[in-house]
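The values are calculated or read from the model by the stated rules, or taken from the named source; none is laboratory data. Quick caveat, the model's predicted, so the values are computed rather than measured. A quick note on method: Cβ atoms are made from the backbone with ideal geometry, for glycine too, and the neighbour counts reach across all protein chains shown.
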Amino acid sequence: MIRIQKGTKDVLHFESYKWHFIEDKIRTLAESFGIKEIRTPTFEATELFARSVGETTDIVNKEMYTFIDKGNRSVTLKPEGTAGVVRSYIENNLSAVPQPVKMYYLTPVFRYERPQSGRLREHHQFGIEYFGSDLPITDAEVILVAKTLFDNLGIKDLQLNINSIGCAECRREYNKVLIDFFSKNKESFCPLCQERMDKNPLRVLDCKEDKCIELNKKAPIVLDYLCSACKNHHEELKSILDCLDIAYEVNPYIVRGLDYYTKTVFEFISKDIGAQGTVCGGGRYNNLVEQMGGKSVPAIGFGMGLERLIMVMEELGLSLGEDTPCKVYIAPLGEEQRKHALNIAMALRRNNISAETDYMGRSLKAQMKYADKKGYEYVLVLGEDEIIKGKGVLKNMRHKGQDREIDLSQIEKYFLE
């Protein structure tokens, strides 16, 4: 028997309604904000992620699914959504259309990491990307999109953490004091962080090892080294969030795990799914479009894992919709009646009324038991007499005594009244 790959999961037919529920909420929300969907390929040139995500990040160093294709090209299954959207923005000259360009995606992403609660090697992300505006009000709206989705889903107990990691000018000075701090405590950090100190000291602050987290609490704070422009941006964002009555905490230890972030970074944290409680994270990446070969265009976005979102909702006992059964089951009494049953089912389907019939050759008793178990609202028993007369009895399975005789040639009208 061939088994499913480690770190992947089947979404079975009787639970897919949960995904439809959330995806419908997302699409409705995006439409209300004027955000349009973009779909990018599942795999891209490996260089795209090395240049955008950052060669010193864990994603590029350890977690990417990279392979050589038959054309001897190095390609990678996308480990996150932003890089492909930026590539598309540049390649399709979207800087020439009216700005801002606001896009969202629902996409699978792939990372070779240790599977854990809510984090799989193949998981699915909802993300949004805004291009063209550097104003703090754009940062606030991106945060507002995420918060509105959580509100619409009934998720109330989330903590919003924000920070600013400044621009290249800020970080030049900040990196100097960070390196000085780390050099005095190098042996106390985990081996991975010791490597990061030389290549990209900011990454050390993103470590999830307990001992490194404690040591980082004593590290210099990036907010103390912001230039005036970045500081003003951060203060204006806080002012807008206050105006919107969005509660937040300034957390100077948030740096996010990708190299492309600048200025604002943020996370929504849940305490209901353990230590790895981030359900949404994002921030600005004002240099990435230019770095990838496009014009200088400011941008900001976020990503959230749908598996983790579903997990939070289940932990909180929130509704994820319901698995709606077909409305009508047509129970034929023989082979000849089965052909007529399929015709009747199609007449209903053409009018957007869900219908099913027998495909197993069951007896009437077995069909009635099946219809009851599957939760059909109506059952039509179709025998020889019903076909000759052109009439039958539509049995109401939920309200006994409300059966009605119907004209088989106009069955759909009973559901369109």
| query | Is there a residue being at pLDDT 85 or above, assigned by TED's automatic domain parsing to the domain that holds Ile300, closer than 20 Å to Arg119 by Cα and of a type in the set (A, V, I, L, M) anywhere in region 49-59? | reply | no
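This table checks each residue for (1) in contact with a Phe, Trp or Tyr (Cβ under 6 Å, 6 or more places away or on another chain); (2) assigned by TED's automatic domain parsing to the domain that holds Asp259; (3) touching a residue at least 12 places away in the same chain (Cβ under 8 Å); (4) among the aromatic types (Phe, Trp, Tyr).
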| position | (1), (2), (3), (4) |
| --- | --- |
| Arg172 | no, no, no, no |
| Phe182 | no, no, yes, yes |
| Phe189 | no, no, yes, yes |
| Gln194 | no, no, no, no |
| Asp206 | no, no, yes, no |
| His233 | no, yes, yes, no |
| Tyr248 | no, yes, yes, yes |
- Query: Does Phe182 satisfy the criteria of being buried (at least 17 other Cβ atoms within 10 Å of the Cβ) and under 30 Å from Ile26 (Cα atoms)?
  - Reply: no
Exception for Asp259 within (1) part of a loop (DSSP other than H, G, I, E, B); (2) outside the structural domain of Ile143 (by TED's automatic domain parsing) falls at (2)
query = Right, Ala50: under 20 Å from the mean Cα position of the chain (by Cα), in a helix (DSSP H, G or I) and of a type in the set (Gly, Ala, Ser) or not?
reply = no
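Taking region 387-401 as the region of interest, how many residues are surrounded by 11 or more Cβ atoms within 10 Å (Cβ to Cβ) and either farther than 17 Å from Ile344 by Cβ or not small (Gly, Ala, Ser) (or both)? Show your work before the answer.
We begin by selecting, within region 387-401, every residue surrounded by 11 or more Cβ atoms within 10 Å (Cβ to Cβ); these are 387, 389-397.
Right, trim to either farther than 17 Å from Ile344 by Cβ or not small (Gly, Ala, Ser) (or both) and you get 387, 389, 391, 393-397.
Count: 8.
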Pairing a residue in region 26-54 that is within 19 Å of Leu306 (Cβ to Cβ) with any residue that is basic (Lys, Arg) and surrounded by fewer than 18 Cβ atoms within 10 Å (Cβ to Cβ), where Cβ atoms lie under 8 Å and the two sit 6 or more apart in sequence or on different chains, gives Ala30/Lys36; Glu37/Arg27
- Considering every residue within region 345-367, establish whether at least one is closer than 13 Å to Ala331 by Cα, assigned to a strand (DSSP E or B) and of a type in the set (Val, Ile, Thr). yes
If you go through Leu382, Leu416, the only one that is surrounded by fewer than 16 Cβ atoms within 10 Å (Cβ to Cβ) and hydrophobic (A, V, I, L, M, F, W, C) is Leu416
